[in-house]
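Structure record follows, encoded as C-alpha cells.
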Amino acid sequence: MKLHYLILFLVILGCKKDSKFDFQTRSIDKSRLDLFFNSLESTDNRMLSISINSNGSEVYHRSLGFSDVSKSTSPNEFTKYRIGSISKIFTAVIIMQLIDEGKLNLDSSLNKYFPKIVNSEKITVELLLRHSSGLFDITKDKDFNLWIFETQTREQMLERFVINGSVFQPNERIEYSSTNYLLLTYIAEEIENKSYSQILESRIIKPLELKRTEYGKKINTDNNEALSYSKEWYDWELEPETNMSAPSGAGALVSTPAEVNIFIQSLFSGELVSETSLYKMIDFKQRTGLGLFKFSFSDIGGFGHGGSIDGFRSIVVYFPREKFSITILANGLTTSVTGILGSVLNELKDALIENP
C-alpha cells in the first residue's frame with residue numbers, strides 16, 4: 001500500500017469511536033478560555049458564538065456581542081447564524097450519499113445534466129467537489145452586488161455560468177469557485193426531484209435531529225436569528241442580506257455552532273457516509289479534499305471549512321485523532337475568524353497535544 005493511502009487509512013481509523021485517545025480525559029482550562037473571550041468582549045470588536053465539542057458532547061460554549069444591535073439583543077447557544085461556505089460540506093455529504101446509493105458516480109460528467117456549460121463533457125462530479133473544474137467563480141461576477149440581494153432562479157444562475165465560462169481547463173489546477181457547489185446542488189435536485197432544502201431536511205437534518213439548522217430565509221430576529229454587521233469607525237453598521245436563493249447549497253445554510261459540531265462529528269463517526277466515501281473526501285490534493293480543506297496546528301491536523309456571507313464569518317475544524325471539533329460563527333468581526341481560532345487552539349494546546 002502506498003504511503004499516501006496508508007496515511008488516509010490511519011486517519012479514518014483514528015475517527016473510530018474505539019480510538020484510545022480520549023480528549024475528555026484531559027483537563028480543559030475553561031477559565032483561560034473565559035479570560036480570552038472576556039478580553040475580546042471588552043474591546044467591542046467581535047460578535048460571535050463558539051462551541052467546542054469532544055467525542056460528541058459540547059464541552060464549552062461562549063457568545064459575545066449582539067445578535068441585534070438596535071435592540072441590544074445578546075446571542076445565546078440557540079442563536080442562528082448564516083454559516084456561508086460551511087454549507088459546502090453539507091452539499092458534499094449529500095453528493096457522497098448519492099454515490100453510496102449508486103445514483104451518481106465521481107466520474108459522472110456534467111454534460112449529462114447541464115450540457116450548455118463550457119467543458120461540461122470534461123467536468124466530472126469529482127472535479128466539481130475538488131474545485132478543479134476551471135469554471136468561473138460566480139461570486140466574482142461583475143454584477144454580483146446588483147443581483148445577489150434579489151431572488152434568483154436556477155435558470156438565471158445557469159445562464160450566468162454559461163456566459164462567464166471558464167478560467168482554465170478541467171483538472172489543470174485547483175482554484176476555489178462557488179460555481180462548482182451550485183452545480184452540485186442542482187445535480188442533487190435533478191436526481192432526487194426535490195428542492196435542496198427538502199433534500200437537506202431528509203438526509204441530514206432529520207437523521208441528526210438538528211433543531212436550529214436549515215436552508216436560510218430572510219433573517220427573523222424574533223426567532224433568535226443574528227443579523228450581521230461591519231464596524232464603521234466606532235459603530236456597528238448593519239450589512240444587507242443576501243437572498244439565499246442565490247448561494248443555495250454553496251452558502252445558504254443557517255445553524256448554531258453546537259449543531260455544526262454535531263454535523264461534522266457525525267460525518268467522521270460514520271453516521272452520514274460510508275467509510276469509502278469518507279476516505280475519498282479526505283484524499284487531499286494541495287490541501288483540498290472533497291468538500292473539506294486541511295488545517296494544521298502544532299502537532300495536530302484537522303479538516304474543515306470556512307465561510308463568509310454578508311457580515312458573517314465562520315469556521316469549523318474537526319481533529320480526527322482527538323475526536324474534537326471547534327465551530328466559530330461570527331456576525332461582526334474586525335479581525336479574521338481564523339485568527340480567533342488560532343488563539344483558541346493556543347489556549348487549548350496542553351489538552352489537545354497528546355503526551356508521548
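The values are calculated or read from the model by the stated rules, or taken from the named source; none is laboratory data. Fair warning: this is a prediction, and the values are worked out from it, not measured in the lab. Note that each Cβ is placed from the backbone with ideal geometry, even for glycine, and that neighbours are counted across all protein chains shown.
Scanning region 275-322 for residues that are in a loop (DSSP other than H, G, I, E, B) and within 19 Å of Arg130 (Cα to Cα) turns up Ile282, Asp283, Phe284, Gln286, Arg287, Gly289, Leu290, Gly291, Leu292.
So, in region 86-102, exactly how many residues are hydrophobic (A, V, I, L, M, F, W, C) and surrounded by fewer than 17 Cβ atoms within 10 Å (Cβ to Cβ)? Show your work before the answer.
Initially, region 86-102 is screened for residues hydrophobic (A, V, I, L, M, F, W, C), giving 86, 89-90, 92-96, 98-99.
If we keep only those that are surrounded by fewer than 17 Cβ atoms within 10 Å (Cβ to Cβ) as well, we get none.
Qualifying residue count, region 86-102: 0.
Could we say that Thr185 is crowded, with 18+ Cβ neighbours inside 10 Å, of a type in the set (Ser, Thr, Tyr), over 14 Å from the mean Cα position of the chain (by Cα) and in a helix (DSSP H, G or I) here?
Details: crowded, with 18+ Cβ neighbours inside 10 Å: yes; of a type in the set (Ser, Thr, Tyr): yes; over 14 Å from the mean Cα position of the chain (by Cα): yes; in a helix (DSSP H, G or I): yes.
So Thr185 fits the description; yes.
Summed over region 183-199, the residues that are out of contact with any Leu (no Cβ under 9 Å at 6 or more places or on another chain) and more than 12 Å from Phe90 (Cα to Cα) give a count of 6. Of all residues in region 297-314, those that are under 16 Å from Gly249 (Cα atoms) and among the hydrophobic types (A, V, I, L, M, F, W, C) total 1. State whether the residues of region 143-157 include one that is over 17 Å from Ala252 (Cα atoms) and buried (at least 16 other Cβ atoms within 10 Å of the Cβ). For region 143-157, residues over 17 Å from Ala252 (Cα atoms) and buried (at least 16 other Cβ atoms within 10 Å of the Cβ): absent. Would you call Ser63 more than 19 Å from the chain's Cα centre (by Cα) and either farther than 17 Å from Phe312 by Cβ or among the aromatic types (Phe, Trp, Tyr) (or both)? Taking the combined requirement at face value, the residue does not satisfy it. Within region 166-173, can one find any residue that is at negative phi, surrounded by 17 or more Cβ atoms within 10 Å (Cβ to Cβ) and in a helix (DSSP H, G or I)? The answer is no; no qualifying residue exists.
Return the residues of region 127-137 that are assigned to a helix (DSSP H, G or I) and under 18 Å from the mean Cα position of the chain (by Cα); say none if nothing qualifies. Can you show your working first?
Going through region 127-137, the residues assigned to a helix (DSSP H, G or I) turn out to be 127-129.
Correct list: Leu128, Leu129.
Candidates are the residues of region 318-335 that are among the polar types (S, T, N, Q) and in contact with a Gly (Cβ under 9 Å, 6 or more places away or on another chain); the one that is surrounded by the most Cβ atoms within 10 Å (Cβ to Cβ) is Asn331. Selection over region 107-132 of residues that are surrounded by 13 or more Cβ atoms within 10 Å (Cβ to Cβ) and either under 23 Å from Thr276 (Cα atoms) or modelled with pLDDT under 95 (or both) gives a count of 13.
Taking the condition in contact with a Phe, Trp or Tyr (Cβ under 9 Å, 6 or more places away or on another chain) and not basic (Lys, Arg), does Ser248 pass? It is true that Ser248 is in contact with a Phe, Trp or Tyr (Cβ under 9 Å, 6 or more places away or on another chain) and not basic (Lys, Arg).
Identify all residues within region 68-95 that are under 9 Å from the mean Cα position of the chain (by Cα) and more than 21 Å from Gly311 (Cβ to Cβ); write none if there are none. Walk me through it before giving the result.
To start, the set of residues in region 68-95 that are under 9 Å from the mean Cα position of the chain (by Cα) comprises 83-90.
Within region 68-95, Ile89, Phe90 meet the criteria.
Within the option set Leu104, Leu98, being at pLDDT 95 or above, farther than 21 Å from Thr256 by Cβ and not in a loop (DSSP other than H, G, I, E, B) holds for one residue only, Leu98. Answer with yes or no whether Ile219 is at pLDDT 95 or above, assigned to a loop (DSSP other than H, G, I, E, B) and within 25 Å of Ile262 (Cβ to Cβ). For Ile219, the condition - at pLDDT 95 or above, assigned to a loop (DSSP other than H, G, I, E, B) and within 25 Å of Ile262 (Cβ to Cβ) - is met.
Per-residue answers, yes or no, for (1) basic (Lys, Arg); (2) surrounded by fewer than 22 Cβ atoms within 10 Å (Cβ to Cβ); (3) free of Cβ contacts under 8 Å to residues at least 12 places away in the same chain:
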residue	(1), (2), (3)
Tyr229	no, no, no
Trp233	no, yes, yes
Pro240	no, yes, no
Ala252	no, no, no
Phe263	no, no, no
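When restricted to residues that are buried (at least 16 other Cβ atoms within 10 Å of the Cβ) and closer than 26 Å to Ile138 by Cβ, region 218-227 contains 4.
For region 65-85, a residue qualifies if it is over 28 Å from Gly249 (Cα atoms) and surrounded by 15 or more Cβ atoms within 10 Å (Cβ to Cβ), and the qualifying residues are Gly65, Val69, Thr73.
Of the residues making up region 275-294, none is surrounded by 24 or more Cβ atoms within 10 Å (Cβ to Cβ) and either of a type in the set (Ser, Thr, Tyr) or within 20 Å of Glu225 (Cβ to Cβ) (or both).
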